[in-house]
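Everything on this sheet refers to the single structure shown next.
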Amino acid sequence: MKVLFVSLLLNCILSLNATAREVERCNGTLLDAKSFRQLGVGFFKDKSRVCYRGHQLEGLDPRSVQVMNGAIATDGRALFVRSQRIAGADITSFKYLGYRYYKDSRHVYQREDRQLIRLQGFDAKTFKLHGAYYVSDKRGVYWNGFRVMAADPQTFQITGLQTGKDNHRTFNKGVAIANN
């Protein structure tokens, strides 16, 4: 119990110190203390700007900015995932799906090495996340980025962390291992 308490206390102290450093500056200039407000982990604003971990997010209006799912900031005109501006995204339908995937009404996105990339070739309307490793759309099923050639996207479901099945086969790490 003592170890848990000390650990929680240490995490709070470290978090407060990080917050204090981030509050001090945004792109090298001090934030306005009177209008300062924390929006979420790493997101801050004052009367004239919005910042993420000390970097100003150009184009966001501090009067109307909102942070969603802890990583998405928008004012209805511009969209950022952490400090990266996502140009061309449909702001009204943009959402976090889980693990490293996001989507809007037209595109599917994946977070790789702290950057969000737009994935090519996926149908956003039918895109589904099946746990950490499998995704599907109307065209196919994919495991860890590779197409699972024999899988039926209409009937596919996960059965374990890296296993799944459709009406015809069982799969392990994207490879058919048995007929059903």
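I'd like to verify a number: residues in the range 91-106 that are of a type outside the set (A, V, I, L, M, F, W, C) and over 14 Å from residue 79 (Cα atoms), how many?
First, pick out the residues of the range 91-106 that are of a type outside the set (A, V, I, L, M, F, W, C): 92-93, 95-96, 98-106.
Now narrow it down to the ones that are over 14 Å from residue 79 (Cα atoms): 98-101, 105-106.
Qualifying residue count, the range 91-106: 6.
For the range 33-55, give me the residue count where each residue is more than 17 Å from residue 79 (Cβ to Cβ), surrounded by 14 or more Cβ atoms within 10 Å (Cβ to Cβ) and touching a Ser or Thr at 6+ places or on another chain (Cβ under 6 Å).
1
Under the condition of being of a type in the set (Lys, Arg) and surrounded by fewer than 16 Cβ atoms within 10 Å (Cβ to Cβ), which residue from the range 56-84 is nearest to residue 27 (Cα to Cα)? Even if it seems obvious, please write down each step before you answer.
Of the residues in the range 56-84, the ones of a type in the set (Lys, Arg) are 63, 77, 82.
Going one step further and asking which of them are surrounded by fewer than 16 Cβ atoms within 10 Å (Cβ to Cβ), we end up with 63, 77.
Details: 63: 19, 77: 22 Å.
Among those residues, the one meeting the criterion is 63.
Quick check on my filter: what residues within the range 125-137 are closer than 15 Å to residue 93 by Cβ and over 16 Å from the mean Cα position of the chain (by Cα)?
Keep residues of the range 125-137 that are closer than 15 Å to residue 93 by Cβ, which gives 125-127.
Result: 125, 126.
Among the residues of the range 149-178, write down those that are within 17 Å of residue 99 (Cβ to Cβ) and of a type in the set (Val, Ile, Thr).
Those that are within 17 Å of residue 99 (Cβ to Cβ) and of a type in the set (Val, Ile, Thr): 158, 163.
Please tell me if residue 64 is at pLDDT 95 or above and either over 30 Å from residue 138 (Cα atoms) or touching a Ser or Thr at 6+ places or on another chain (Cβ under 6 Å) (or both). Before the answer, list the steps.
Details: at pLDDT 95 or above: yes; either over 30 Å from residue 138 (Cα atoms) or touching a Ser or Thr at 6+ places or on another chain (Cβ under 6 Å) (or both): yes.
When the stated conditions are applied, residue 64 passes them.
Which of the residues spanning the range 19-38 are at pLDDT 60 or above and either among the aliphatic types (A, V, I, L, M) or over 12 Å from residue 51 (Cβ atoms) (or both)?
30, 31, 33, 34, 35
So which residues in the range 51-80 are of a type in the set (Lys, Arg) and free of Cβ contacts under 8 Å to residues at least 24 places away in the same chain, if there are any at all? Give the steps one after another, and end with the answer.
From the range 51-80, those of a type in the set (Lys, Arg) are 53, 63, 77; that's our starting set.
Selection gives 63, 77.
Conditions (1) assigned to a loop (DSSP other than H, G, I, E, B); (2) farther than 24 Å from residue 45 by Cβ; (3) under 14 Å from the mean Cα position of the chain (by Cα), marked per residue:
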residue: 58; (1), (2), (3): yes, no, no
residue: 64; (1), (2), (3): yes, no, no
residue: 73; (1), (2), (3): no, no, yes
residue: 122; (1), (2), (3): yes, yes, no
residue: 147; (1), (2), (3): no, yes, no
residue: 155; (1), (2), (3): yes, yes, no
residue: 164; (1), (2), (3): no, yes, no
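When only residues in the range 96-112 that are in a loop (DSSP other than H, G, I, E, B) and surrounded by 17 or more Cβ atoms within 10 Å (Cβ to Cβ) count, which is farthest from the chain's Cα centre (by Cα)? Give the steps one after another, and end with the answer.
So the first thing to find is which residues in the range 96-112 are in a loop (DSSP other than H, G, I, E, B), and the list is 99-100, 104-107.
Keeping just the survivors that are surrounded by 17 or more Cβ atoms within 10 Å (Cβ to Cβ) gives 104, 107.
Numbers: 104: 12, 107: 14 Å.
Only one residue tops the list, namely 107.
Does residue 170 satisfy the criteria of being surrounded by 12 or more Cβ atoms within 10 Å (Cβ to Cβ), assigned to a loop (DSSP other than H, G, I, E, B) and hydroxyl-bearing (Ser, Thr, Tyr)?
Details: surrounded by 12 or more Cβ atoms within 10 Å (Cβ to Cβ): yes; assigned to a loop (DSSP other than H, G, I, E, B): no; hydroxyl-bearing (Ser, Thr, Tyr): yes.
Spelling it out, it is not the case that residue 170 is surrounded by 12 or more Cβ atoms within 10 Å (Cβ to Cβ), assigned to a loop (DSSP other than H, G, I, E, B) and hydroxyl-bearing (Ser, Thr, Tyr).
Looking at the range 85-95, which of its residues are surrounded by fewer than 19 Cβ atoms within 10 Å (Cβ to Cβ) and closer than 26 Å to residue 46 by Cα?
Taking the range 85-95 and keeping what is surrounded by fewer than 19 Cβ atoms within 10 Å (Cβ to Cβ), we get 85, 87-88, 90-93, 95.
Within the range 85-95, 85, 87, 91, 92, 95 meet the criteria.
The values are calculated or read from the model by the stated rules, or taken from the named source; none is laboratory data. Just so it is clear, the structure is predicted and the values come from calculations on it, not from any experiment. Backbone-built Cβ (ideal geometry, glycine too); neighbour counts: all protein chains shown.
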